Amino acid sequence: MAEADSEGGAWRQHLYHQTRLKDKNGRVRLLTIQPRQYTASRPESPPDTIHCLLRLAELKEHPQFTVVSHRWKPTDAVDETKSVLVNGAAVPVSTGLSDVLRHVQKDAEPVVVWIDALCINHADEEEREKSTQVSQLARIFATAEKTLIWLGVTAHRSDEAMRVLRRLTEEQHTLSAFVASWTPQLGHQLAQKILPSRFITPGPASPPGNAESPVLQQQLESLRAPLKALMERDYWTDLWSLVELCLSPRGLVVCGAHGLALDHFYSAARALDHIINHQTYSKWLAAATNPATPSAAQTAVLSSDEVSNLSQSPALRILGRRDDYRKDADSWLASPNIPLFTLLSRFYVAPAANQNQLPLRTGDARDRVYALACLATDIAALGITVDYGKDTDDVYAETSAALLQKHPQGLQLARGTAAAGDASTSSWAIDWRDVRPPPSDLGPSDRPFNACGPADTRYYRADTSERGQVSLKAGVVDKVQEVGTAYSPGPGPDEVEVERELGTPDQQRAYLGEIRRFWDDSTASLSSPYFAEQAAVALAKIPVGDVEVGAASSSGGALTRASSATVEGYRRTVEALFPAEAEAGSESGEGDDSPGPRDGSTTVETGASLSYVAAMARMAGRRPFRSHNGYVGLGPEDLAVGDTIAIPYGSAVPFAFRDAGGAGDRDRACRLVGEVYVFGIMDGEFMKVHRQESVLRVM
């Protein structure tokens, strides 16, 4: 949704009081843009004036209109040179809005559109009108004949890029037609057919083999810049663009004077991506295999500004999500049941290293919920209504309360005490502007955490009837007796590259040493919940939170529950970080007779297991702790002595709660500190034998 100017003005009173909308759904304003012939017949107006009529319409009567989907920056200033009259009133517009209207305008026929900048009064009291219209956005787009996607005026040779995509569509060489039997020769022929007319020049024949002619290479090179600019336009990076594209059954992509059907634009761009990829690879391969090419030149064959993979451009990534939503029956986004919690989690909780995450922007933090609510199927069941009269904190708190009634995993995304700050902010609410993946997040897993054990989701209840708090049934485990130092891996004084992500050996020694001390203190007690024989497994699992990082890379490998590889990685890491202890163990007959790497993955500096150290780095900011009864684990950075460890019914993991005063042990007021890992209870062991029901009133 675009944002109109904030100043009301007399034109708003004149315009929107004439066409007053009801608070209930079903009624919209439609804008009729008069043809240029009409302007010519009105000599009293400047010759470039755009005349429009704004009227009311009922969606149930299926009026004929086009939805205009376009973006502009909130800082766009009103252009005093642009003249737009709506119902006889002069309406101030920006250059961008004027460009859209002028493009849509025809010579001899009126055009009826729905465009949010003029069809919604963005300055009404408490934004009630905007709330009503956003809540029925899906219905508006479904009723429209088509959606006009406006990318902007011609710039950066966008006309050349659009002509290439159109030629590709006209030749009917879409992705599905040729990708299965792709060959370099086919790419060569296809490129010759689709190049802009000014590029079609006689050139030398292609050399034998897979190499392309120099002329064709130059022609393709010349297309890189305009294609990159077109695929990175501001429109493709906006959250509302994603929503409006998903809601559009039919669309027309327009840039300057050129237009292309939305589905054709996407398939042609994907096909062109194959051509660009092949040409880029050929260029790199020719330089890399040429003995005459200096090694420095081989590395610099592709400049950082060169388009080498259009599939990672904002345009193709966002259009891929639309394709998932509308066409791919196997996609989670195309499911007939798309819960709001799933949408919010998928778009905002993806790890930063995940290249599939779409970094979509929005000018209003409330839209991070309300925009995706337009795609969700359970809004009515959750009782969530779009209300721009509420501030961001209220919107997030009410949304969180609704989600927590059905999704216990929402607690893992909550702010916690560190982010919530003072007691006026709900610790259980989720701040969708800054959501980090929980430490226990494994993605799809055949062995997930299951701390609740038999007290599973069938027994989960979250009472949100009292404003500002959530009441949960939980099994209380213990209270924290001692906390360690939060693990903070980072570069040392010598700025070794690997230390930027994995930490220095000194940091790793301190972290592992503190956990070992807590374990020894626990097992020294007769009432310890652990046995000394568990040390090898426990000391390997606790530093990494029982999560194993695949050896594919230091930070991008698949995540699974810890296995024997984790134990082996811990052993090698300890041997590298504490060589004196390892040598003493070897002399006494303890340890492995053949120490050293077994999977070929070690850090350069110490010989420690790279995958194990990477798994430790995932626990950055986590603090080791020991409880009163001897449980050892990891908690949030602000975990404190006296915090209560408890497992809410239905929750996969335990949490730490901080007392905030209450009636007693069985009905206590507290604040959520955050998720914790406790060795020995993550698969329901505690809840199977020690469960005593308590009610936590989380503030």
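The values are calculated or read from the model by the stated rules, or taken from the named source; none is laboratory data. Remember, it's a predicted structure, so these values are computed and weren't measured experimentally. Neighbour counts run over all protein chains shown; Cβ positions are idealised from the backbone, glycine included. Note: areas computed on protein heavy atoms with side chains; ligands, DNA, RNA excluded. Shrake-Rupley method; radii C 1.70, N 1.55, O 1.52, S 1.80 Å.
Table for the structure above
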| quantity | calculated |
| --- | --- |
| Which numbered condition TYR530 misses (of (1) at pLDDT 95 or above; (2) under 20 Å from GLY621 (Cβ atoms); (3) assigned to a loop (DSSP other than H, G, I, E, B); (4) not aliphatic (A, V, I, L, M)) | (2) |
| Candidate set from region 126-145 (those that are assigned to a helix (DSSP H, G or I), among the polar types (S, T, N, Q) and closer than 22 Å to LEU245 by Cβ); member that is most open to solvent (accessible area, probe 1.4 Å) | SER135 |
| Residue within region 71-81 that is of a type in the set (Lys, Arg) and under 20 Å from ASP234 (Cα atoms) present | yes |
| Qualifying residues in region 7-41 (those that are assigned to a loop (DSSP other than H, G, I, E, B), under 29 Å from ALA142 (Cα atoms) and among the polar types (S, T, N, Q)) - the one modelled with the lowest pLDDT | ASN25 |
| Residues being over 31 Å from the mean Cα position of the chain (by Cα) and open to solvent by 30 Å² or more (accessible area, probe 1.4 Å) - total across region 466-484 | 7 |
| Pair list, Cβ < 6 Å and 6+ apart or interchain, from region 112-125 residues that are small (Gly, Ala, Ser) to residues that are part of a loop (DSSP other than H, G, I, E, B) | ALA117/ALA2; ALA117/ALA4; ALA123/GLY8 |
| Selection from region 84-93 of residues that are open to solvent by 30 Å² or more (accessible area, probe 1.4 Å) and closer than 13 Å to ASP48 by Cβ | LEU85 |
| TYR530, sole failed condition from (1) open to solvent by less than 60 Å² (accessible area, probe 1.4 Å); (2) in contact with a Phe, Trp or Tyr (Cβ under 6 Å, 6 or more places away or on another chain) | (2) |
| Single condition LYS473 does not satisfy, out of (1) modelled with pLDDT under 95; (2) outside any loop (DSSP other than H, G, I, E, B); (3) touching a strand residue (DSSP E or B) at 6+ places or on another chain (Cβ under 7 Å); (4) within 14 Å of VAL673 (Cβ to Cβ) | (4) |
| Residue among LEU242, LEU262, LEU252, LEU247 that alone is touching a Gly at 6+ places or on another chain (Cβ under 7 Å), at pLDDT 85 or above and over 16 Å from VAL153 (Cα atoms) | LEU262 |
| Of residues in region 233-261 being in contact with a Phe, Trp or Tyr (Cβ under 6 Å, 6 or more places away or on another chain) and not in a loop (DSSP other than H, G, I, E, B), the one surrounded by the most Cβ atoms within 10 Å (Cβ to Cβ) | VAL253 |
| Selection from region 389-401 of residues that are open to solvent by 10 Å² or more (accessible area, probe 1.4 Å) and assigned to a helix (DSSP H, G or I) | THR392, ASP393, ASP394, ALA397, GLU398, ALA401 |
| Those residues of region 553-591 which are modelled with pLDDT under 50 and open to solvent by less than 70 Å² (accessible area, probe 1.4 Å), in sequence order | SER553, SER554, GLY591 |
| Candidate set from region 83-101 (those that are assigned to a loop (DSSP other than H, G, I, E, B) and of a type in the set (A, V, I, L, M)); member that is farthest from GLU44 (Cα to Cα) | VAL93 |
| Meets criteria (of a type in the set (Ser, Thr, Tyr), at pLDDT below 95 and farther than 24 Å from TYR677 by Cβ) for SER594 | yes |
| Given (1) of a type outside the set (Val, Ile, Thr); (2) at pLDDT 65 or above; (3) open to solvent by 30 Å² or more (accessible area, probe 1.4 Å), index of the condition GLY320 fails | (3) |
| Residues within region 53-82 that are outside any strand (DSSP E or B) and of a type in the set (Gly, Ala, Ser), tallied | 1 |
| Residues being closer than 13 Å to VAL254 by Cβ and open to solvent by 10 Å² or more (accessible area, probe 1.4 Å) - total across region 112-125 | 0 |
| Matching residues, region 102-125, being assigned to a helix (DSSP H, G or I) and farther than 17 Å from ASP23 by Cβ | ARG102, HIS103, VAL104, ASP116, ALA117, LEU118 |
| Candidate set from region 146-171 (those that are among the β-branched types (Val, Ile, Thr) and touching a helix residue (DSSP H, G or I) at 6+ places or on another chain (Cβ under 8 Å)); member that is surrounded by the fewest Cβ atoms within 10 Å (Cβ to Cβ) | VAL153 |
| Test: THR154 is farther than 19 Å from PHE65 by Cβ and among the polar types (S, T, N, Q) | yes |
| Selection within region 427-462 - farther than 21 Å from LEU559 by Cβ and open to solvent by 20 Å² or more (accessible area, probe 1.4 Å) | ASP431, ARG433, ASP434, PRO454, ASP456, THR457, ARG458, TYR459, ARG461 |
